[in-house]
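Worksheet for the structure shown next.
The values are calculated or read from the model by the stated rules, or taken from the named source; none is laboratory data. Source: prediction; values computed, not measured. Because the Cβ atoms are built from the backbone with ideal geometry, glycine has one as well, and the counts that use them run over all protein chains shown. Heavy atoms of the whole protein, side chains included, go into the accessibility calculation; ligands, DNA and RNA do not. Shrake-Rupley method; radii C 1.70, N 1.55, O 1.52, S 1.80 Å.
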Amino acid sequence: MSDPPVAAHYGRFYLTAAIDYVNGDPHLGHAYEKVGCDALARHHRLQGAEVRFTVGSDEHSQSVERAARAEGLDPAAFCDRQVAVFQALFERLDITYTNFVRTSGAANRRTTERLLSTVHERGHIYKGMYAAWFCPSCEQFYTEKELIDGHCPVHGSAVEWVEEENWFFRLSAFQEPLLRLFAEQPGFLTPGSRRNEMLNVIGAGLEDISISRGFTAWGFPLPFDPEQVAYVWFDALPAYITGVGFAADDAEFARFWPADVHVIGKDITRFHTIMWPAMLMAAGIALPARVHSHGFITLGGRKMSKSSGVRIDPATLVERFGSDAVRYVFLSEVPFDRDGDFSLETFVDRYNADLANDYGNLVSRTEKMTQRYRQARVPVPGPHTALDADLEAVALRAVAEHAAAMDSIDLSGAIAAAQRLVARANLYIDETKPWHMAREQDGRLDTVLHHLLEAIRVATTLLHPFAPRATRRVADDLGVALDGRAGQAARRFDVLVPGNPVGVGEILFPRLDRDRVLEDWHRASRARH
């Protein structure tokens, strides 16, 4: 079964990334997810959509509270510091979010209180005793049989026995509605492998879940019982509706909810596709159209871990190679629906092959030939040949394939479609040999240069979601805007105005010396540690 499109139209588009725990510093997984979401947001803006894009910080958790206490900090002060670290990374990665929701903030408190009150008033919350094994790392209760050697099945960390009177959400009442949801909307959860996992969980039976804590004051007091605070998932998941004005701006909420897609990591799929839909059903709120669950990044074949030293600081990666390179290589090397491996060797190889040799070289050669042979002006195209027609056809096919891939959240597939056009344009140069036409007066060189400039314009539009800085420079060279009209313009091959100036920029992506980069990186890494 093929994945459904993210949205059937490009009027309004709302997507969210996972709301990140701030108990530690951001890692490559955070960067990978956020640049993937940002690529989707930028793509939809190019199609003329009005986009809302929510990210945020998940703060009311025991793991955050414990991390703060370990440093002798108040949890609120600790979160302030950590949020600044995450936001600084997002800025370096050129993440164009429209709302950063802090789950401990006033806006999310209004959302949480209204949602909890509504679900409680509708009879879906009751009080009872709870006793179970609790993992502080994932804020999840587990039965004895779910533990692995007495440890959390997700984190492998120690669990704690918790026994107290709590408030419960009647999740069990939503087993049949959730099964109907998955049956009637097979694209609600992608990829399909994750959908099958969740169907097995639902089919095995759902138990009511505790949604409050009495042993901590770090959280929002329940509106109907101020002696207890909301369990982390009951104030974290609502951040998605906070991001578009729930309980604050009814008009904004009506315009953008339900979300077109929630993008999350596979480890929190259960919360987003079982608990969250059930919460929304209980409150009478429309469900998101889709949840997309991406995989994990390993590093040189090993799972990243701060304790083992298997990690790369994404901020250091951006500082060394630039945000465009990091964004592009992440999303081209690691498919957005499964686990993938990252290494500095493959990073340099992909950068050199795609960005330096192919796209960067195409732009540089074409701009310089236009400057040398046509005074840096868009030429008037002359006679056309089969080669010209083929380049146009490849461009139009690349646009269609790119759009289909983006709608299916196949980001590496979208990049591959754009690169097929880049490769064809480079081959077109070799086939036509413009430098041999310079003395001819038949207009053939004008056609070739015009077609190359148009091919670059189209490829630049397709690559913009992945490498926004470099593509913006190229668009400026061509005198075109990467705005809401660019997506439609990419479907045409006659946009550039003859006579308009063509800029000749500096090299977009200087080629990297692989051995030197690896040597310098490892030397710096040893110095940092």
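Before moving on, here are some points about what is shown:
- With respect to the conditions (1) of a type in the set (A, V, I, L, M); (2) crowded, with 18+ Cβ neighbours inside 10 Å; (3) farther than 23 Å from Pro238 by Cα, Ala131 falls short on a single one, namely (2).
- Taken over segment 427-441, the residue count meeting the criterion of being touching a Lys or Arg at 6+ places or on another chain (Cβ under 9 Å) and under 15 Å from Val394 (Cβ atoms) is 2.
- When residues of segment 373-382 are limited to those that are open to solvent by 30 Å² or more (accessible area, probe 1.4 Å) and not in a helix (DSSP H, G or I), the one nearest to Ala455 (Cα to Cα): Pro381
- The set of residues from segment 238-251 being in contact (Cβ under 8 Å) with a residue 12 or more places away in the chain and either touching a strand residue (DSSP E or B) at 6+ places or on another chain (Cβ under 8 Å) or hydrophobic (A, V, I, L, M, F, W, C) (or both) comprises Ala239, Tyr240, Ile241, Thr242, Gly243, Val244, Phe246, Ala247, Ala248.
- Boolean, Leu237 is of a type in the set (A, V, I, L, M, F, W, C), surrounded by 16 or more Cβ atoms within 10 Å (Cβ to Cβ), modelled with pLDDT of 95 or more and under 29 Å from Val85 (Cα atoms): yes
- Entry remark, segment 239-255: residues being assigned to a loop (DSSP other than H, G, I, E, B) and either among the aliphatic types (A, V, I, L, M) or closer than 18 Å to Ala17 by Cα (or both) number 6 in total.
- Residue check for Gly245: surrounded by 21 or more Cβ atoms within 10 Å (Cβ to Cβ) and on the phi > 0 side of the Ramachandran plot: no
- Pairs meeting the criteria (first residue in segment 395-421 and open to solvent by less than 10 Å² (accessible area, probe 1.4 Å), second residue part of a helix (DSSP H, G or I) and among the polar types (S, T, N, Q), beta carbons under 6 Å, at least 6 apart or on different chains) are Ile415/Ser332.
- Within segment 62-78, residues that are in contact (Cβ under 8 Å) with a residue 12 or more places away in the chain and within 18 Å of Val232 (Cα to Cα) have Cβ atoms under 7 Å from residues that are assigned to a helix (DSSP H, G or I) and small (Gly, Ala, Ser) in these pairs: Pro75/Ala68; Phe78/Ala67; Phe78/Ala68, counting only partners at least 6 apart in sequence or on another chain.
- Residue ID - nearest to Gln371 (Cα to Cα), chosen from residues in segment 430-445 that are open to solvent by 30 Å² or more (accessible area, probe 1.4 Å) and in a helix (DSSP H, G or I): Trp435
- Candidates Asp225, Asp235, Asp260, Asp250: the one that is acidic (Asp, Glu) and in contact with a helix residue (DSSP H, G or I) (Cβ under 6 Å, 6 or more places away or on another chain) is Asp235.
Residues are listed down the side, and each one gets a yes or a no for (1) closer than 30 Å to Thr190 by Cβ; (2) out of contact with any Phe, Trp or Tyr (no Cβ under 8 Å at 6 or more places or on another chain); (3) β-branched (Val, Ile, Thr); (4) without any contact (Cβ under 8 Å) to a residue 60 or more places away in the chain:
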position: Asp341; (1), (2), (3), (4): yes, yes, no, yes
position: Leu344; (1), (2), (3), (4): no, no, no, no
position: Val348; (1), (2), (3), (4): no, yes, yes, no
position: Asn352; (1), (2), (3), (4): no, yes, no, no
position: Asn357; (1), (2), (3), (4): no, yes, no, no
position: Tyr373; (1), (2), (3), (4): no, yes, no, no
position: Arg377; (1), (2), (3), (4): no, yes, no, no
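- Residue check for Pro498: of a type outside the set (Ser, Thr, Tyr), within 30 Å of Tyr32 (Cβ to Cβ) and at pLDDT 95 or above: no
- Residue within segment 140-163 that is touching an Asp or Glu at 6+ places or on another chain (Cβ under 7 Å), in contact (Cβ under 8 Å) with a residue 40 or more places away in the chain and closer than 30 Å to Phe253 by Cβ present: no
- So Leu427, is it open to solvent by 10 Å² or more (accessible area, probe 1.4 Å), of a type in the set (A, V, I, L, M, F, W, C), in a helix (DSSP H, G or I) and modelled with pLDDT of 95 or more: yes
- Number of residues in segment 196-229 that are within 28 Å of the chain's Cα centre (by Cα) and open to solvent by less than 10 Å² (accessible area, probe 1.4 Å) equals 1.
- So Ala131, is it aliphatic (A, V, I, L, M), farther than 18 Å from His272 by Cβ and either in contact with a Lys or Arg (Cβ under 9 Å, 6 or more places away or on another chain) or touching a residue at least 12 places away in the same chain (Cβ under 8 Å) (or both): yes
- Count - residues of segment 135-188 that are assigned to a strand (DSSP E or B) and open to solvent by 50 Å² or more (accessible area, probe 1.4 Å): 7
- Selection from segment 484-521 of residues that are part of a helix (DSSP H, G or I), under 28 Å from Glu50 (Cβ atoms) and open to solvent by 80 Å² or more (accessible area, probe 1.4 Å): Gln488
- Sole residue being modelled with pLDDT of 95 or more, small (Gly, Ala, Ser) and either in a helix (DSSP H, G or I) or open to solvent by less than 30 Å² (accessible area, probe 1.4 Å) (or both), chosen from Ala481, Ala524, Ala459: Ala459
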